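Chemist: Here it is, the structure, as structure tokens.
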Amino acid sequence: MKKYKPTTPGRRGMTRVSYKAKVTVSKPLKSLTKGMKRGVGRNSHGRITTRHKGGGHKRRWREIDFKYDKIGIPAKIETIEYDPNRTAYIGVALYADGERRYVVIPKSVEVNDTFIVAEDAPVTPASRLPLGNIPIGTVIYNVEIKPGSGSKLARSAGNYIEIIAHDAGFTQLKMPSSEIRKVLSTSWACIGEVSNDEHKLMTIGKAGRARHMGRRPTVRGAAMNAVDHPHGGGEGKAGRGHRRARSKWGKPTGKGQKTRNVKKYSNKLIIKRRKVGKRK
């Protein structure tokens, strides 16, 4: 982590990831980028539908390959790059047939390292193979929920999933949230842990930096009037007035409360619920 000298109150305590230690190029590959319209929390009428989003620095969109459909063709990592649209590092993978694609980089992979997508691929960082062919205890990322649907799980900085069992056509996975769930053993996953694990240690330091990141101010419910939030109102620092924390719209939130839909389709695939609240 890079630390700053306390030249101003905002600089005091501010930290950021030292990108120079990992990133090898400063500009993205033009053929794999395009313009994008950022999600600023507004609908087609311009009304706010998601709070705390808006503004921020202009970005270019990098086309990331989450399908990994070039099976049996070895690839080499050409560059490692910063992507403003995600927390993990990305890199250009040059396949043996000459095609280049952006992929999410695992923690231990460097420039000129190779990987392959195949059912009999070696269990080495960045290689991709079906869950049923991966040994128990291996850590993985870029995991599919359904075969052929593309990577959905463990894609952000420092995340990984641990394989804990194979049983009856399913593989049991321990998720970053501590949840244990089943996924079809024919789904594919990459070997390793997602790069940039220091991201969680970053201290933003000042409000202006958050605005550059596209984060608008967040106001506590207890600081609002009673008409604006269930936690608002009262003289001085009053308690919230009811047992459970609620959102602005009266729904349960935070403090370890269960908010998952009891009829969600994937409930039957969950073996052990995640630990929530202070116990975690």
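The values are calculated or read from the model by the stated rules, or taken from the named source; none is laboratory data. Only a predicted model underlies this, so the values are computations on that prediction, with no experimental measurement involved. In this analysis, Cβ positions are derived from the backbone assuming ideal geometry, glycine residues included, and neighbour counts consider all displayed protein chains.
Chemist: Just one of (1) in contact with a strand residue (DSSP E or B) (Cβ under 8 Å, 6 or more places away or on another chain); (2) among the hydroxyl-bearing types (Ser, Thr, Tyr); (3) closer than 20 Å to Ala88 by Cα trips up Ser177, so point out which.
Modeler: The failed condition is (1).
Chemist: Which one is farthest from the chain's Cα centre (by Cα) among residues in region 217-261 that are modelled with pLDDT of 90 or more and of a type in the set (Ser, Thr, Tyr)?
Modeler: It comes out as Ser247.
Chemist: State all residues of region 133-152 that are within 11 Å of the chain's Cα centre (by Cα) and surrounded by fewer than 15 Cβ atoms within 10 Å (Cβ to Cβ); if no residue qualifies, say none.
Modeler: Result: Lys152, single match.
Chemist: When only residues in region 60-107 that are part of a strand (DSSP E or B) and acidic (Asp, Glu) count, which is farthest from Asn196 (Cα to Cα)?
Modeler: Glu78
The rows are residues; the columns are (1) more than 20 Å from the chain's Cα centre (by Cα); (2) surrounded by 13 or more Cβ atoms within 10 Å (Cβ to Cβ); (3) among the basic types (Lys, Arg); (4) not assigned by TED's automatic domain parsing to the domain that holds Pro122.
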| residue | (1), (2), (3), (4) |
| --- | --- |
| Lys2 | yes, yes, yes, yes |
| Thr8 | yes, no, no, yes |
| Lys22 | no, yes, yes, no |
| Leu32 | yes, yes, no, no |
| Arg47 | yes, no, yes, yes |
| Asp69 | yes, no, no, no |
| Pro74 | yes, yes, no, no |
| Glu78 | yes, yes, no, no |
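Every residue, every condition in (1) assigned by TED's automatic domain parsing to the domain that holds Gln172; (2) touching a residue at least 60 places away in the same chain (Cβ under 8 Å); (3) closer than 26 Å to Thr171 by Cβ, yes or no:
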site	(1), (2), (3)
Gly232	no, no, no
Gly236	no, no, no
Gly241	no, no, no
Arg246	no, no, no
Lys268	no, no, yes
Lys275	no, yes, yes
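Chemist: Kindly evaluate Arg220 against the criterion of being without any contact (Cβ under 8 Å) to a residue 60 or more places away in the chain and either out of contact with any strand residue (DSSP E or B) (no Cβ under 9 Å at 6 or more places or on another chain) or surrounded by fewer than 16 Cβ atoms within 10 Å (Cβ to Cβ) (or both).
Modeler: yes
Chemist: Could you check region 148-198 and list, in sequence order, the residues that are under 25 Å from Val23 (Cβ atoms), among the aliphatic types (A, V, I, L, M) and not in a strand (DSSP E or B)?
Modeler: Within region 148-198, Ala154, Ala157 qualify.
Chemist: Can you report the number of residues in region 2-17 which are touching a helix residue (DSSP H, G or I) at 6+ places or on another chain (Cβ under 8 Å) and either under 17 Å from Tyr89 (Cα atoms) or not hydrophobic (A, V, I, L, M, F, W, C) (or both)?
Modeler: Matching residues across region 2-17 total 3.
Chemist: Please state which of the following conditions Arg155 fails to meet, knowing it meets all the rest: (1) over 26 Å from Ile71 (Cα atoms); (2) surrounded by 15 or more Cβ atoms within 10 Å (Cβ to Cβ); (3) of a type in the set (Lys, Arg).
Modeler: (1)
Chemist: Out of (1) closer than 24 Å to Arg38 by Cβ; (2) touching a Lys or Arg at 6+ places or on another chain (Cβ under 8 Å), what's the single condition that is false for Gln172?
Modeler: (1)
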